[in-house]
Structure formats: C-alpha cells, structure tokens
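Peer 1: This is the structure I have questions about; it appears just below.
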Amino acid sequence: MGPAHNYIEQRLAERRLSGAYRTLKAENTLVDFCSNDYLGFARSVVFKNNIDEEISQSGVVLNGATGSRLISGNLTYTEDLEKQIAAYHNSQAGLIFNSGYDANLGLFSSLPQRGDTLITDELIHASIIDGARLSYANRYTFKHNDLNSLEAKLKQAKGICYVVIESVYSMDGDTPPLLELLELTEQYNAHLIVDEAHAVGLYKNGLICQLKLEGRVFARIVTFGKALGCHGAIVLGSDALRQYLINFARSFIYTTAAPFHQIASVKAAYRLLQNSADGIERLKNNIRLFKENIRANSLYPLIESDSAIQCILLNSNERAKETALQLQNNGLDVRAILSPTVQQGSERIRICLHAFNTTGEILLLTDTINKLTNA
C-alpha cells in the first residue's frame, strides 16, 4: 500500500518487539485499581441524577454546542460557571476548555513567546510537553523535584520565564516541595504554573488552595475528568490571562465548544464536591491502609507518595506486564505502565486508590502484591 503503510507497519513491529505495544481494553468486572475516578463520581447514581436534574432545571435545550464559543457555541450558563469555579478555587477568573489536553495545549502554545523561557519538570504531563513544543520559547527541563537542577536552568533563562510543575504527579503520585520551589521561582522573577489534575479530590480545592498559595501562582490547570468524574478542564488565573487565551489559544478558538451536557455535568460535579468531605476522608483512609500493609523492598520499591497514586517499580516492561496480569487474574484491575511512557528502567505497576474501594479489596491487593514481589 505504499511507503506510508510500510512506515506504519515498521513502527508497530518495533513497538511489539519493545514489549510496549498498546491495545484498547473495554470495561470489565475486576475491582478498579486503575482509574482516575478517585471519589467515585463517574459511577455515582446520585451524580447522574444530579446532572439530569441540572439539565432539566436549566431550560437549555441543546444536543450539541452548534459552533465554537467565539461564534455560536457560547452560553451565559458557561460563563457563569467559569466564575463559580474560579471563586471556588480562589482565583480571579477561569476559562473552560473541552479537555485537559486542550487546556495545556492552548496555554503553553500561546503564552510563552520567542525569546521567553519555559522550564518544566522532567515528569510533567505529556499535554504540557506538546503545548511547549508548539511555542517559540526556549525550553528546558529540570530533574524531578530537584531545586538545584531548577536553579541551574533559571540562571540560563531569558525573557519572561515560566516554571511548570504538577501538584501531584500523574505517574509517580508524589508532590513537589512547593514552598521552596515557589520561593526559588520568585527569587529569579519567574512565574509558576501548576497543573492540579490529580490534586483536586484528594484536596477539596486543590493543593495550592490547601497551602494558601493561590495568590503567588501565575496560573493553575484543573481538570474535570479525574476526581470530578466528568470531562473538560479550566485554566485559572487573572482576568487578563482569560482574555488572552480567548484571543490566542488555538485549541480554544478553533474547536466546537463542549456540549451543554458536559458543562452541566461539571456544574453538578462541583456541587457534589462541596459535600464530599466524607468521601475525601475515606480516600485518605484507604491510602493509609494501603501503605500500612504493602511490604516494599529494595528490589521492587514503592515510590514515596501520599496521594491516591501508588507505584511499584518493576524495572522492565515484561515484569510490569506479568505482574499486572497476575493481579488481574486475581480479580484486581491494576495496569502496567511501560517505557516509553516512563523512562526505561522505571517500568511499574500504577495503583489508583478510591474512596469506594473496600477494606477487603485493599487487603487483597496488598497481600497479592506482597506475594508477587517478595517471593
């Protein structure tokens, strides 16, 4: 079928040989230890009923958005919701994007300009990397959570400098030294941007609000597809930043707006989140239970994390896949994270804990992992 098809087949063959070939999996009956549904909103009947009620009471009758928000797809309802979410996170303003990927792509491709500097943690979200690649800024990465490495890059910065981190990292589940990192960026007159995708839910308003640092952070990205159980994202910052993104973020400008059902779901999710103190406490208790019962060892260590994301390093694609398969055979849906998604030698099983996991399920998980990794 020609050179393009030959290239595709060659790349797929290489991926199969590496042990990192990806396939799609449909829903199953295993115990969920892999999804980002930390508080159980995505499977909540109460949440579904709340969404239906919100749509019914809104008076809006739209199956689709009809166009981009700059043409026919904008609603007063959406703008009011942006104000409500911004207030919830103690931010001046916010702009909703169709997905977390779109939000990061739009922000980081449009904000840093030629002659500016963008410095990112080496383990930052792929969507941030892709957005940064589309900018004309000078780009650097620093070693994960390493302040000395960051300072070395800050000393090289030119123009306006942006430092980008996550408050809870998606692959390791750990948290950066936020106060020290913020002090360092301020020392060099740089602007800190924080992706809070995996923090909201573990922390009711996100970790930045928890630490009362919102006034010192330039921008935050909050996604709706994890603990909030729906879809989309918002970039939080100043009103000027919001207006800038409306005018320059291509992933906002040149796409059909999110359908009304998605926007109403986000509103219902925030209402539910405000009344989820018990669920958040259950999640934290389950994290403690897991950590108390897992027996880590030097050969297969547990990455230090206090979040819902817990990872055991297995150091090869084959070992990670085999361990995940053994867990699945025991009724536990744990997935392997393979290189090149993570660096070679840091292949792992990634465990996501939830408020809805029972004590028995977590003890079965830890007992099975202990047998597999301490045999």
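Peer 1: What does a probe at Val61 reach in segment 246-263, counting residues whose amide N is under 19 Å from the point 7 Å along Cα→Cβ?
Peer 2: Residues 259-262 fall inside that zone.
Peer 1: Right, another one. So what are the ³J(HN,Hα) numbers for segment 247-257, from phi and the Karplus equation (6.51, -1.76, 1.60; θ = phi - 60°), rounded to whole Hz, Gly and Pro as x?
Peer 2: These are the phi-based 3J(HN,Hα) values: 8, 10, 7, 5, 6, 8, 5, 9, 8, 4, 5 Hz.
Peer 1: Also, I was wondering about something else. Classify segment 186-274 as rounded, prolate or oblate from the Cα gyration tensor: take a ≥ b ≥ c as the square roots of its eigenvalues, call it rounded if a/c is under 1.5, otherwise prolate when a/b beats b/c and oblate if not. Mind dumping the intermediate values first?
Peer 2: Details: a/c = 2.49, a/b = 1.15, b/c = 2.16.
Here segment 186-274 falls in the oblate category.
Peer 1: May I pose another question? I'd like the Kirkwood hydrodynamic radius of segment 1-94, using the inverse of the mean 1/r over distinct C-alpha pairs, in Å.
Peer 2: Details: mean 1/r = 0.0531 Å⁻¹.
The answer is 18.8 Å.
Peer 1: Provide the per-residue ³J(HN,Hα) series for segment 308-321, in order, calculated from phi with Karplus coefficients 6.51, -1.76, 1.60 and θ = phi - 60°, each as a whole number of Hz, with x at glycine and proline positions.
Peer 2: Per-residue couplings from phi come out as 6, 9, 10, 10, 10, 6, 10, 6, 7, 4, 5, 5, 5, 5 Hz.
Peer 1: Sticking with this one: Can you tell me the length gained on complete extension of the stretch Lys291 to Gln92, counting 0.36 nm per residue apart and subtracting the Cα distance? Please report the intermediate quantities before stating the final value.
Peer 2: Details: separation 199, 0.36 × 199 = 71.64 nm, distance 3.78 nm.
Stretched fully, the Lys291-Gln92 segment lengthens by 67.9 nm.
Peer 1: Taking Cα atoms of segment 268-317, Rg/Rh with Kirkwood Rh, to two decimals? Walk me through the numbers before you get to the answer.
Peer 2: Working: Rg = 14.9 Å, Rh = 12.9 Å.
When Rh is taken as the Kirkwood radius, the ratio is 1.16.
Peer 1: Once you sort the root eigenvalues of the Cα gyration tensor of segment 1-52 as a ≥ b ≥ c, which label holds: rounded (a/c under 1.5), prolate (a/b larger than b/c) or oblate (the other case)? If you can, show how the numbers build up before the last one.
Peer 2: Working: a/c = 4.68, a/b = 2.60, b/c = 1.80.
Taking the square roots of the gyration eigenvalues as a ≥ b ≥ c, segment 1-52 is prolate.
Peer 1: Right, something else. So what is the relative contact order for the chain, in percent, with contacts set as C-alpha pairs under 8 Å and at least six apart? Walk me through the numbers before you get to the answer.
Peer 2: Numbers: 682 pairs, mean separation 84.8, N = 375.
Value for the chain: 23 percent.
Peer 1: So what J values fall out for segment 265-281 if you push phi through Karplus, 6.51 cos²θ - 1.76 cosθ + 1.60 with θ = phi - 60°, rounded to Hz, Gly and Pro as x?
Peer 2: 5, 5, 4, 5, 5, 5, 5, 5, 4, 5, 10, 10, 4, 5, x, 5, 5
Peer 1: Something else about it: For Glu186 and Met1, FRET efficiency with R0 = 56 Å and r from the beta-carbon atoms, rounded to 0.05? Provide the component values of the computation, followed by the final result.
Peer 2: Details: r = 56 Å, r/R0 = 1.00.
Efficiency for this residue pair is about 0.50.
Peer 1: Another one. Would you mind telling me the share, in percent, of accessible area of the chain contributed by carbon and sulfur at probe 1.4 angstrom? The partial results should precede the final answer.
Peer 2: Values: 8890 of 17700 Å².
The value for the chain is 50 percent carbon and sulfur by accessible area.
Peer 1: Please work out the C-alpha center-to-center distance from segment 72-120 to segment 290-351 and express it in whole Å.
Peer 2: Taking the Cα centre of segment 290-351 as reference, the centre of segment 72-120 is 33 Å away.
Peer 1: Moving to a separate point now. Sequence neighbours fewer than 8 away in the same chain don't count; with that in mind, list the lysines whose C-alpha is under 28 Å from Lys158.
Peer 2: Cα-Cα hits under 28 Å: Lys143.
Peer 1: Compute the accessible area per residue over segment 61-104, keeping the other protein chains in place, probe 1.4 Å, unit Å². List each step's numbers first, then the result.
Peer 2: On the way: 2100 Å² over 44 residues.
I get 48 Å² per residue for this part.
Peer 1: Non-local amide H neighbours of Asp121 (under 5 Å, H modeled in plane, Pro and chain starts lacking H): which ones?
Peer 2: Phe142, Val164
Peer 1: Given a cut-off of 24 Å, name the pairs among Lys48/Lys321; Lys291/Lys371; Lys25/Lys226 whose C-alpha atoms lie farther apart than that in the structure shown.
Peer 2: Working: Lys48/Lys321 35 Å; Lys291/Lys371 16 Å; Lys25/Lys226 19 Å.
Long pairs (Cα-Cα over 24 Å): Lys48/Lys321.
Peer 1: Continuing with this model, one more query. How much net charge surrounds Ile160 when only the other residues with a Cβ under 12 Å from the Cβ of Ile160 are counted, with Lys and Arg +1 and Asp and Glu -1?
Peer 2: Details: positive: Arg114, Lys158; negative: Asp116.
Residues near Ile160 contribute +1 overall.
The values are calculated or read from the model by the stated rules, or taken from the named source; none is laboratory data. The structure displayed is predicted, hence computed values, not measured ones. Using ideal geometry, Cβ is built from the backbone for each residue, glycine included, and neighbour counts are taken over all protein chains shown. When the accessible area is computed, the model is the full protein with side chains, heavy atoms only, and any ligands, DNA or RNA have been set aside. Shrake-Rupley method; radii C 1.70, N 1.55, O 1.52, S 1.80 Å.
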